[in-house]
Amino acid sequence: MCGDEIDLQLRVDGEVIKDVRFIGRGCSISQAAASMMTQLLKDKSIAEARTLADRMSAMMHGDEAAARDKALGELRALAGVAKFPVRVKCALLPWNALTDALKS
């Protein structure tokens, strides 16, 4: 609804994400989240990627344990976005794109 867009490209070898790229436009939160996500997912298994997506979602919905989870790496810097519910969708946009991509 806000107009942000993320086109996500994955190169998967077997069950491992070998490369992740995105093309996007939108607010700084969605673009930063996408950029950090691409760095985090390289060489992760699909199962690990799904787990990270769940942890990111939990963090964005105020889960303080998720916000301390070192597995999220630099994405933990976005924990404060949880205080602004209207912006949560921005931070989760690339993760929703990932979840959709992994379904296919």
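Here's the yes/no breakdown for (1) open to solvent by 70 Å² or more (accessible area, probe 1.4 Å); (2) without any contact (Cβ under 8 Å) to a residue 12 or more places away in the chain; (3) assigned to a helix (DSSP H, G or I):
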{"site": "V12", "(1), (2), (3)": "no, no, no"}
{"site": "K18", "(1), (2), (3)": "yes, no, no"}
{"site": "S35", "(1), (2), (3)": "no, no, yes"}
{"site": "G62", "(1), (2), (3)": "no, no, no"}
{"site": "V86", "(1), (2), (3)": "yes, yes, yes"}
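Restricting the stretch 64-78 to residues that are among the hydrophobic types (A, V, I, L, M, F, W, C) and out of contact with any Asp or Glu (no Cβ under 9 Å at 6 or more places or on another chain) leaves a set whose member that is surrounded by the fewest Cβ atoms within 10 Å (Cβ to Cβ) is A65.
When you scan the stretch 20-28, do you find a residue that is part of a strand (DSSP E or B), among the hydrophobic types (A, V, I, L, M, F, W, C) and either open to solvent by 80 Å² or more (accessible area, probe 1.4 Å) or closer than 14 Å to L78 by Cα (or both), even just one? Among the residues of the stretch 20-28, at least one is part of a strand (DSSP E or B), among the hydrophobic types (A, V, I, L, M, F, W, C) and either open to solvent by 80 Å² or more (accessible area, probe 1.4 Å) or closer than 14 Å to L78 by Cα (or both), which makes the answer yes.
The values are calculated or read from the model by the stated rules, or taken from the named source; none is laboratory data. Computed from a predicted structure; not experimentally measured. We place every Cβ from the backbone using ideal geometry, glycine too, and count neighbours over all the protein chains shown. Calculation scope for accessible area: heavy atoms of the full protein, side chains included, ligands and nucleic acids excluded. Shrake-Rupley method; radii C 1.70, N 1.55, O 1.52, S 1.80 Å.
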